[in-house]
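Contents: one structure, followed by commentary.
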Amino acid sequence: MKVSERKFGVLDGQDVTEFCMENDNGVRVCALDYGGIVTETWAPGVDGSFANVSLGFATLDEYLAHSPYFGALVGRIAGRIADARFELDGKTYQLTKNEGENQLHGGSNNFSKVIWDAVPLETANEVGVIFSHTSPDGDNGFPGNLDVRVTYTLNNDNEWKIKYEAKSDATTVFNPTNHIYFNLAGDVSKTVLDHTLQINSDKFVALRHDSIPTGELMDVAGTAFDLRAPRAIRDGAMSEHPQNVIIKNGYDHAFVLQHKENKQDARLVDPESGRVVEMRTDCDSVVVYSGNQLSGKFALDGVSVPKYAGVTMETQGLPDAMNHDGFGSVVLPKEELFQSETVFTFTTM
């Protein structure tokens, strides 16, 4: 196993570096110190052929020009916050707005827009990169100086692990994620509509017309949101359920996870290539976005990106949790260590 690095570009006079982790099986995950962005993820199919199974650009300029959050770390809070504000310990915090009246993914200059300190990691059992960043008090309106460390590792079990750690000098809120988009065909001209997805979840977060949670946790039974058995993503795109239609036909919802011991939380399969990604996490939910608004606005490898070009599995606490009862807590008390881990395993049928 090894970690290599190369110059990927220059931003404001500072070099941007790409780190590539590769295991002994040929599985490879590459990521930038800019935004912790995963640029490539190479995994084998049933015939042994390798393909890049995540969406990403080839140049820094493309990442700067477009904002689909391909493979990026986002935070302090992933997802949308209604009216860009919340109350904590009796005080109302007004945040920066970057999607109408709301805040998305932590604000305009969120984790995906900064260059992180990065140190390669190599041990007998894994290789990786440790990313660290300090978000200052008042950053995008959030309280507390927040020290964040995110570690990506890859091992010979074909597991890509994301470990999040953070500590603040004042009580704050924290709910990060990685916005990875998978397309297991390894061909961006092919959509993920025929991929099947299975999630251990019996409830999902209902959304308003502006994709802000209503506060209701809806039962998946009898809907295209019932992914307790493998289901084609196409079902969500074709569904006439109001919750599928409201977000441009498909999925862009948080599924409440029912963790089961020694069981994966989710499983994504491309029946044609036989490639599989299994996901397990300690987070309360996973946001599945089926690329409903990826529609030819840019190209990857010279191919105009179609609608449904990729699907995300963004592990996190429930979105907008600060503003809804029953959504759990994303409060990080002063000087308390936040820890969370998500693991994606690349395998075949």
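The values are calculated or read from the model by the stated rules, or taken from the named source; none is laboratory data. All values derive from a computational prediction rather than experimental measurement. Ideal geometry is used to build each Cβ from the backbone, glycine not excepted, and the neighbour counts take in all protein chains shown. Only protein heavy atoms, including side chains, enter the accessible area calculation; ligands, DNA and RNA are left aside. Shrake-Rupley method; radii C 1.70, N 1.55, O 1.52, S 1.80 Å.
The figures follow:
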| quantity | calculated |
| --- | --- |
| Hey, LYS248 open to solvent by 70 Å² or more (accessible area, probe 1.4 Å), under 22 Å from GLU159 (Cβ atoms) and either out of contact with any strand residue (DSSP E or B) (no Cβ under 9 Å at 6 or more places or on another chain) or among the polar types (S, T, N, Q) (or both) or not | no |
| Residue that is touching a Phe, Trp or Tyr at 6+ places or on another chain (Cβ under 8 Å), within 15 Å of MET349 (Cα to Cα) and modelled with pLDDT of 95 or more, where the choices are VAL269, VAL286, VAL277 | VAL277 |
| Residue, surrounded by the fewest Cβ atoms within 10 Å (Cβ to Cβ), within the range 81-97, restricted to residues that are in contact with a helix residue (DSSP H, G or I) (Cβ under 7 Å, 6 or more places away or on another chain) and assigned to a loop (DSSP other than H, G, I, E, B) | THR96 |
| Within the range 112-148, tally of residues that are outside any loop (DSSP other than H, G, I, E, B), within 19 Å of ILE180 (Cβ to Cβ), open to solvent by less than 60 Å² (accessible area, probe 1.4 Å) and not aromatic (Phe, Trp, Tyr) | 9 |
| Which numbered condition THR39 misses (of (1) over 22 Å from THR312 (Cβ atoms); (2) open to solvent by less than 10 Å² (accessible area, probe 1.4 Å)) | (1) |
| Count of the range 236-279 residues which are out of contact with any helix residue (DSSP H, G or I) (no Cβ under 9 Å at 6 or more places or on another chain) and assigned to a helix (DSSP H, G or I) | 3 |
| Residue within the range 59-80 that is free of Cβ contacts under 8 Å to residues at least 40 places away in the same chain, open to solvent by 10 Å² or more (accessible area, probe 1.4 Å) and on the phi > 0 side of the Ramachandran plot present | no |
| Residue match in the range 53-72 (condition: over 21 Å from VAL303 (Cβ atoms), touching a strand residue (DSSP E or B) at 6+ places or on another chain (Cβ under 6 Å) and in a strand (DSSP E or B)) | no |
